[in-house]
1. Considering only DSSP beta bridges with both partners in the range 65-201, what is the antiparallel share in %, to the nearest 5?
2. Between helix 82-92 and the chain, what is the angle of the helix's C-alpha long axis to the longest principal axis, kept within 0 to 90° and rounded to the nearest 10?
3. Against the longest alpha carbon principal axis of the chain, how many degrees, from 0 to 90 and to the nearest 10, is the axis of helix 236-257 turned?
4. Can you give me the angle between helix 47-59 and the longest principal axis of the chain, using Cα atoms only, in degrees from 0 to 90, rounded to the nearest 10?
5. For the range 66-128, what does the relative contact order come out to in percent, with C-alpha contacts under 8 Å and a separation of six or more?
6. Of all DSSP beta bridges in the range 14-143, what percent run antiparallel (nearest 5)?
7. Using mean Cβ contacts within 10 Å as the protection proxy, how do 115-121, 148-154, 221-227 order, highest first?
8. Can you tell me the order of 158-167, 175-184 when each peptide is scored by its average per-residue count of other Cβ atoms within 10 angstrom, highest first?
Amino acid sequence: MARLVGARLDEVDLMNFLSVNLHLLMISFYRPTETRFKILLEDKAFPSDHYIVESQIKLHNLDPEKSMVLLKPRENEFTLRTDDILKTIEEQGESIAVVLLSGVHYFTGQLFQMETITKAAQKKGCLVGWDLAHAVGNVELKLHDWNVDFAAWCTYKYLNSGAGAIGGIFLHEKHFEINKLTKLNGWWGHRSDTRFLMNNKIDHEVGASAFALSNPSMLLCSCLKASLDIFDEVGIENLRKRSKFLTAYLECLLNRKFKTNNKNGYK
């Protein structure tokens, strides 16, 4: 799993489900202050993400109307321009606590320039998280090298593990000092070598595993392993090459069938 998202082994763990994991991570990373309290996300983010952000803001007794910065496409456009995202970050970045965007948008299929956006947001002092539900197993990811703060994903879409399959999280190594994070604890986040001493004194695992709460289902993990074995055999870089080829072929067919009057659109 770590190889597929471009991470160190200890930066990744499998647990819970996507929405649960985003809530757990946001509890740690969304720590609003009087001057930095906003969350940046797409206007048409997947409903669950919208609900998560909205409820996290309300947990801090803040007003979602004032605390949510919603990115909208330009008039008569369907996707977000990277320049517009960067402009919003530049203009409002000092009041934005967390940037939480989709790696690939669920409706438009837009692949966001994650490295560029992450770098720009962090330059303004924002923490950056990515919902990779439609990106993992679909595109190449380099979360560690891109310096992403945190990420979460499901495994039942492009990872083919079945509806309700186990989720995954990424925590960059720079956040491994877990005691500095406000978080919810569970006994599966306790170090495995001392977990069964049962002394009720939390001693966190190193890395992403510190966020684990409960024993994961062996059945769900088995479904995912079968898929990951195939990804290891084929390689995400080869899948991505084929994906680009098929998309280009579809575009070619459309251009042949629907001849355009100009370069900007179909008749």
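The values are calculated or read from the model by the stated rules, or taken from the named source; none is laboratory data. Predicted model, so just to flag it, every value in this text is computed and none were measured. With ideal geometry, Cβ positions are generated from the backbone for all residues, glycine too; neighbour counts draw on all protein chains shown. In case anyone asks, the SASA skips ligands and DNA or RNA and just uses the protein heavy atoms, side chains included. Shrake-Rupley method; radii C 1.70, N 1.55, O 1.52, S 1.80 Å.
1. On the way: 5 of 13 bridges.
So the antiparallel bridges in the range 65-201 amount to around 40 percent.
2. 50 degrees
3. Approximately 30 degrees, to the nearest ten.
4. The helix 47-59 is inclined about 50 degrees to the chain.
5. Details: 56 pairs, mean separation 22.0, N = 63.
Relative contact order, the range 66-128: 35 percent.
6. Numbers: 1 of 13 bridges.
Within the range 14-143, antiparallel bridges account for around 10 percent of the total.
7. Details: 115-121: 18.6, 148-154: 27.0, 221-227: 15.7.
Put in order of decreasing packing, that is 148-154, 115-121, 221-227.
8. Working: 158-167: 18.5, 175-184: 13.3.
Top of the packing list down: 158-167, 175-184.
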